[in-house]
1. Residues to consider are Leu37, Leu17; find the one that is part of a helix (DSSP H, G or I), of a type outside the set (Ser, Thr, Tyr), surrounded by 15 or more Cβ atoms within 10 Å (Cβ to Cβ) and at pLDDT below 85.
2. How do the pairs read when you match residues in the range 75-99 that are over 17 Å from Ile44 (Cα atoms) with residues anywhere that are aromatic (Phe, Trp, Tyr), using Cβ under 8 Å and keeping only pairs 6 or more apart or on different chains?
3. Return the pair list, or none, for Cβ contacts closer than 9 Å from residues in the range 48-70 that are over 20 Å from Asp87 (Cβ atoms) to residues that are assigned to a helix (DSSP H, G or I) and at pLDDT 85 or above, at least 6 apart or on different chains.
4. Give all pairs with beta carbons closer than 7 Å in which a residue from the range 23-43 that is in contact (Cβ under 8 Å) with a residue 40 or more places away in the chain meets a residue that is assigned to a helix (DSSP H, G or I) and surrounded by 11 or more Cβ atoms within 10 Å (Cβ to Cβ); count only pairs at least 6 apart in sequence or on separate chains.
5. Only one of Lys74, Lys66 is modelled with pLDDT of 85 or more, among the charged types (D, E, K, R) and assigned to a helix (DSSP H, G or I). Can you tell me which?
6. Could you say whether any residue in the range 53-65 is of a type in the set (A, V, I, L, M), farther than 28 Å from Thr100 by Cα and touching a helix residue (DSSP H, G or I) at 6+ places or on another chain (Cβ under 8 Å)?
7. Please verify whether Ile85 is in a loop (DSSP other than H, G, I, E, B) and either among the small types (Gly, Ala, Ser) or at negative phi (or both), treating the condition exactly as stated.
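The values are calculated or read from the model by the stated rules, or taken from the named source; none is laboratory data. Keep in mind it's a predicted model, so treat the numbers as computed, not measured. As a convention, Cβ positions derive from the backbone with ideal geometry for all residues, glycine included, and neighbour counts pool all protein chains shown.
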Amino acid sequence: MIGELRGTRIHYSLDNLCAAFGYTRQAWYNHLKRPQLQVFQEHIVLERIKEIRRELPKTGYIKLCKELNNGFLKTLGISMGRDAIFDLVRANGMLVKNKTEAA
């Protein structure tokens with residue numbers, strides 16, 4: 001909403017717009033920066049998952065989570081929970097089918 005109002009012919013200052021909606025300037029700039037950071041982190045995690053899968057192609061989701069959370073993500077300062085990793089793997093079509101489902 002703030003971004004839409006800034007693009008109108010009437011020029012509003014960012015301070016006035018943020019005050020009107022109850023946000024700080026810092027919150028506005030953090031909001032702008034967040035999606036880029038998240039996309040970058042997801043790209044890094046996906047590349048690591050691909051490396052793990054090259055070495056062990058049938059590695060399941062649970063083992064991937066343990067592998068990522070035990071060292072890789074902590075060293076990079078990325079916090080990504082179990083469900084976020086699952087959503088990322090599923091969205092990119094990288095889930096491994098269970099042996100019982102495949103049979």
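1. Sole residue among the options that is part of a helix (DSSP H, G or I), of a type outside the set (Ser, Thr, Tyr), surrounded by 15 or more Cβ atoms within 10 Å (Cβ to Cβ) and at pLDDT below 85: Leu17.
2. From the range 75-99, the pairs are Leu95/Tyr61; Val96/Tyr61.
3. As it stands, the answer is Leu56/Lys63, since those pairs meet every condition given.
4. As it stands, the answer is Glu42/Leu88, since those pairs meet every condition given.
5. Only one candidate passes the filter, namely Lys66.
6. Applying the first criterion (of a type in the set (A, V, I, L, M)) to the range 53-65 yields 56, 62, 64.
Restricting the remaining residues to those that are farther than 28 Å from Thr100 by Cα gives none.
The answer is no; no qualifying residue exists.
7. Criteria not met by Ile85.
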